[in-house]
Amino acid sequence: MTGVIPSQSIEQMIAKGEICAHPAVDGAQVQPASLDLRLGTVAYRVRASFLTGQGRSVADRLSEFEMHSIDLSQGAVLEKGCVYVVPLMESLALPDDVQAVANAKSSTGRLDLLTRTITDGGTEFDRIPQGYTGPLYAEICPRSFSVLVRPGMRLNQIRFRAGQSILSDADLTVLHERTPLVNGKAVIDEGLGFSVDLRPKDGDLVGYRAKPHTGVIDLDRIGEYDPAEYWEDVRTQDGKIILDPGAFYILVSREAVTIPPAYAAEMAPYLAMVGEFRVHYAGFFDPGFGHDAAGGAGSRGVLEVRCHEAPFVLEHGQVVGRLVYERMADVPQQLYGTGIASNYQGQGLKLSKHFKST
């Protein structure tokens, strides 16, 4: 088996004890090409983000950096600007030929809720080596809004793969010719490039900017919040905007993207030197996203953008990221958007599911 492991094989891993959990994994956690991870019952407020390091455990490092612990069982607020480590309900006993990569879920990224997975002996965020056996932890840093969390909430997800499954540019070109991956010319350079849309067909609304002083967002409340209380509209009539240092923006890709059923994709930076900004991405795109077979008919990529040290002019059509495509080990039995209550199939410019539709 080579490729990204599909939902039916993830269920087999659970049955074999390669994925363990207490309480047991809920079937709703299993996605077409990933598994949602659940928060445990305690959060540790730490002085700073950290990587565990070879030969060391997260528990050992917590003894160095912990400031205090918070019981999440009745719900608790994680405050903007603070860093927390939360043990997850899931743990792993991976086979020697299976590795894993984690990422924030889409709604998590759209709230500017930096969430990364750390492991015992880990030297990288969100990367779990072949054969890893041990617990999983979420490092959480709310950067725009304070959030109310409870045990069992799913802020990040994990994808398993066996062998080398990333498509070369040549393979990606062939796939695009067979099944168009974008609704226009494909920019293929170490993945499929995508650009920002700052000339919408209707009106002049191109995005949203997070307001600096807002209330708490309860992550269990769906469609409850008034966007105007948390976001400022970003409008332009000349196809460009100036990003302010430290500000967080929700924008949208110019291209409609398709992920065929036998493939998965991950969003990655384009080039570190293209400008003073970074697309803060919740990076997994599941099989069927934007695909006709799953009711997508092309879906845009929502861009979570943060500007760094200097104001930066972002212009319509500027390439800001790339999609790295991978082969699935098998086609998932369930595609994104088909009967699994996917929130962002067929999307355009869209805030997280917590906000009322505008």
GNM on the chain, Cα springs under 10 Å; top mean-square fluctuation among Q99, Q12, Q130 goes to Q12
Heavy-atom accessible surface of region 83-229: percent carbon and sulfur, 1.4 Å: 46
Relative contact order (%) - region 19-169, alpha-carbon pairs under 8 angstrom, separation at least six: 34
Alpha carbon Rg of region 28-70, scaled by the compact-globule rule 2.2 N^0.38 Å: 1.52
Choose one answer from A310, A256, A93: the residue with the largest mean-square fluctuation in a GNM of the chain with alpha-carbon springs under 10 Å. A310
Alpha-carbon gyration tensor eigenvalues x 5, square-rooted, for region 49-131, Å: 23, 17, 12
Keeping every protein chain in place, order D218, D26, D120 by accessible area at 1.4 Å, biggest value first, i.e. largest first. D26, D120, D218
Label point 7 Å out from Q8 along Cα-to-Cβ: which residues of region 34-70 have amide N under 19 Å? 34-35
Measuring from the lowest to the highest alpha carbon on each principal axis, how far does the chain reach, largest first, in angstroms? 53, 48, 38
SASA check, T173, accessible area w/ 1.4 Å probe, all protein chains in place, rounded to nearest 10 Å², comes out at 60
Picking from Q333, Q318, Q157, which is most flexible by a Gaussian network model of the chain using Cα springs under 10 Å? Q333
Using alpha carbons only, what's the Rg to Rh ratio of region 138-242 with Rh from Kirkwood? 1.07
Show log10 I(q)/I(0) for region 30-170 at q = 0.11, 0.18, 0.21 Å⁻¹, two decimals, from a solvent-free Debye sum over equal Cα scatterers. -0.40, -1.02, -1.34
Given contacts defined as C-alpha pairs under 8 Å and at least six residues apart, what's the relative contact order of the chain, whole-number percent? 20
Restricting to Cα pairs under 8 Å and 6 or more apart, the percent relative contact order of region 30-118 works out to 35
Region 90-132 and region 138-165 have their Cα centres apart by a whole-number Å value of 8
Residues of region 251-269 with amide N under 13 Å of a point placed 7 Å along Cα→Cβ from R178: 260-263
Dividing the surface of the Cα convex hull of region 173-231 by four yields a projected area in nm² of 7.4
Determine the calculated [θ] at 222 nm for the chain from helices alone, applying -39500 (n - 2.57) to every DSSP H run no shorter than 4 residues and normalising by the residue count; nearest 500 deg cm²/dmol. -2500 deg cm²/dmol
How much length would be gained if the chain were fully extended between R127 and S168, taking 0.36 nm per residue of separation minus their Cα-Cα distance, in nm to one decimal? 12.6 nm
Starting from 0.36 nm per residue, how many nanometres of slack lie between D189 and V42 once their C-alpha separation is accounted for? 48.6 nm
Charge dipole magnitude, Cβ of K and R +1, D and E -1 - the chain, Cα centre, debye nearest 20: 400
Dipole size in debye (nearest 20) for region 147-278 around its Cα centre, Lys and Arg Cβ +1, Asp and Glu Cβ -1? 280
Just the number please: accessible area per residue for the chain, 1.4 Å probe, all protein chains included, in Å². 42
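The values are calculated or read from the model by the stated rules, or taken from the named source; none is laboratory data. Remember, it's a predicted structure, so these values are computed and weren't measured experimentally. Note that each Cβ is placed from the backbone with ideal geometry, even for glycine, and that neighbours are counted across all protein chains shown. SASA here: full protein model, heavy atoms, side chains in, ligands and nucleic acids out. Shrake-Rupley method; radii C 1.70, N 1.55, O 1.52, S 1.80 Å.
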